[in-house]
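*Asks:* Starting off with a structure, shown below.
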Amino acid sequence: MLSAACTRRLDRALEDIFRQAISENLSTASVTSEDIATALRQLCDKKLTACLRASTVALPQLPNETWGLIWQLLSLRDRVRVTHVSRTWRAIALGNSRLWSTLDLTSSLHRDDCECDECASAVGPHAKGHGYDVALARLSALLERSAGSPLTCSLKFIRDAAPTPPSSVTSISGILGPHAAALVSLTLVYRNDEWIKPFLVVIRDSSQLCHLELNAMRAPGPRSLISTIITIPILRLRHLNTGVGYIWDLNGSFFPALTRLEITFTAIDQVRAALHDCPMLQELRAHLELVELGPIRVYKEIASQCARLTRITLFQVPITWTREHVHAFAPDAATDVQLEYIASMRAPGSIPLHPAHVLDGPAEGTIVYSQLRGPIRFTANEFNRAVAIQLHDQTRCRKLSWSTTTGSMTVVDALWAAVDAASIVELIIPWELRGMVLGTIDSLPAVEHVIISPPSIKFQPPGVQSLGVHSSVWPAEVRATLPALSRVTISSGNFAYHGEAVSAHKMAKFIRSIMPERKLRVLTLRNVSIIGDKESIAALADQVITTKVPAVFTVPTLTSPPSISLF
């Protein structure tokens, strides 16, 4: 703003000019004082406008590096739009090579030249609304803009697999080839191994490659060997994820920087070799397709090598494993251990599920729960005829998943034998698993908070016998008492129409059964729909001392059973 001195000078100047103009126009009777004032205003406005246009005072500007950091948060499509805002922004954006070093390209769903709405949205953000020809041209331009910066590339070939790769696939690999030296991360999603072979040649020239992910979206079939991709050890490779598509067979190789590995193993010796060849490995996600269990001495060697791992996930764990086998892959110091006993359709060569082992196998995996200490959160989930029990304390997490065709009550009994029930302070369980958790133990003395989620929708294939939580395996009623319970949260969902219909009266009865001698302090219902009238909802609210249930209820207009929607 104007200073006091500047204001005084301006006042004196305007007064002098006004008096001078009046004296010069005394002989002109038609000129009045108002005319002179109007002329001065117009002159001042004209002069101020000219001064503003000619001003050389620069407005505050952000450094170019700051603009680059802001634009890195945008999608690739929006980064391209930035270059069309102004010449200044275009120069800044094109001069920042890191803006163009992260590329994501998805194939069309039908054919290369298809421009239907479905394919147009799949080709990628920088080529939306165009065919693959435009996408390839723009991909080449974007790679040139990267100017040798560390390159992160994600390519998804989601079209139905063809015997030979289409011309677009070979064209993309040809465009990417000259930039292989700058490639630090490559993700390939594909349906046919033939489609990615051109990119495997590119990988061999990527001395800076740190992250490699190969996601095979295909039907069960023969696996490929990882040695067909990595012919020599990549010294900088830190993350390798091939899932079920490739088998580890790099015996004798050395990967000094590899910290995360996900791959398939068909023999226990392969696991030992992988742990030996990757001395810095911290996270292992192993898809086990073991034809034989292997000698126990190998597991003892694996146990010593797994001691350094922090995160371990085993898929398709053989149900013939004993506690010694499980303990080899579950070190006490690991922060996260997950065992999946669920058989995969992609594992035709794995150990079969023998009827004699149906009630024995998964129970051995509960040994991992004995490693937890301190306050424990207990979480149960059920989906697609499989049950997952996850427990974690302040520093470690342990998870066991099994099909409802294996284990059943034997697993639950072993679970309560392994875990310290007096350390559980929070329960998170679906409504349909309440009998499995609270109907198989007498007391959980330290539980303060119970979170109930709604019943899940059941998808039952035609001709398949109903299994799992709807069978008579789990107790129908709860028997556990929770003397320390003070809060119950009914999480968002519809308890009226998913699976088992849950009424407010049934929910109130459930709360009374787990704490019959006193009331809750807080009952929270989050966007929940429960069958019942105002009286039954009021009876539910009466189970607590203080409640977050709203005082006014509205009955929605529904064609199905009447319910009260609580928000």
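*Asks:* Using a 1.4 angstrom probe and counting only protein chains, how large is the accessible area of Y246 in Å², to 10?
*Replies:* The accessible area comes out at roughly 10 Å².
*Asks:* How charged is the neighbourhood of I441? Take every other residue with its Cβ under 15 Å from the Cβ of I441, and add Lys/Arg as +1 and Asp/Glu as -1.
*Replies:* With Lys, Arg at +1 and Asp, Glu at -1, the neighbours total -2.
*Asks:* Report, to two decimal places, the Cα Rg of segment 415-456 normalised by 2.2 N^0.38 Å (N = number of residues).
*Replies:* Working it through for segment 415-456, the quotient is 1.15.
*Asks:* Summing Lys, Arg as +1 and Asp, Glu as -1, what charge do residues with Cβ under 13 Å from the Cβ of L103 carry, L103 excluded?
*Replies:* Every neighbour counted, the sum reads +4.
*Asks:* Could you grab the Rg to Rh ratio for segment 378-455? Cα atoms only, Kirkwood for Rh.
*Replies:* Taking Rg over the Kirkwood Rh, I get 0.92.
*Asks:* Let me ask something else about it. Counting only protein chains, not ligands or nucleic acids, how are C306, C397 ordered by accessible area (probe 1.4 Å), most first?
*Replies:* So, going from the largest accessible area down, we get C397, C306.
*Asks:* Of the heavy-atom accessible surface of segment 223-340 (probe 1.4 angstrom), what whole percent is carbon and sulfur?
*Replies:* Within segment 223-340, the accessible surface is 55 percent carbon and sulfur.
*Asks:* Follow-up question, since we're still on this one. Measure off 7 Å from each Cα along the Cα-to-Cβ vector at T66 and L225, then give the distance between these two points in nanometres to one decimal.
*Replies:* 5.7 nm
*Asks:* Scan around A386 for amide H atoms under 5 Å from its own, H built in the peptide plane at 1.01 Å from N, and keep only partners 5 or more places away or cross-chain.
*Replies:* T404
*Asks:* Output the Cα-based Rg and Dmax of segment 193-339 in Å, rounding Rg to one decimal and Dmax to a whole number.
*Replies:* Reported Rg and Dmax, both Å: 15.0, 45.
The values are calculated or read from the model by the stated rules, or taken from the named source; none is laboratory data. Predicted model, so just to flag it, every value in this text is computed and none were measured. So basically every Cβ, Gly included, is an ideal-geometry build from the backbone, and we count neighbours across all protein chains shown. Remember, those area values only see protein heavy atoms, side chains included, never the ligands or the DNA or RNA. Shrake-Rupley method; radii C 1.70, N 1.55, O 1.52, S 1.80 Å.
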